[in-house]
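Data first, discussion second: the structure below is written as structure tokens.
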Amino acid sequence: MASRLRWRKSSYSGENGSCVEIAQPTPNHIKIRDSKQTHGPQLNIKASAWTNFLTTIRPDQPNT
């Protein structure tokens, strides 16, 4: 039985909801979608690539 994804919107999202959402939990991959088009396409990237991305854009922050 597949687990249902829980989506989390960025805390930087404005009132209009114009932002991205990240799916949790995903053990080996991260799913990303447009918060305004929740039934639209999703990016599916390796968790290690997501960690590298976060480290690059905010090196002084924890990668959670």
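A few remarks follow.
- T26, T56, reordered so the largest accessible area comes first (probe 1.4 Å): T56, T26
- A simple count of charges around I32, restricted to other residues whose Cβ falls under 13 Å of its Cβ and scoring Lys, Arg +1 and Asp, Glu -1, yields +3.
- Where labels lie 7 Å past Cα in the beta-carbon direction, separation of T55 and T38 in nm: 3.4
The values are calculated or read from the model by the stated rules, or taken from the named source; none is laboratory data. What you see is a predicted model; the values in this text were computed from it and never measured. Glycine also receives a Cβ, built like all others from the backbone with ideal geometry; neighbour counts cover every protein chain displayed. Each accessible area value is taken on the protein alone, full model and side chains, heavy atoms only, with ligands, DNA and RNA left out. Shrake-Rupley method; radii C 1.70, N 1.55, O 1.52, S 1.80 Å.
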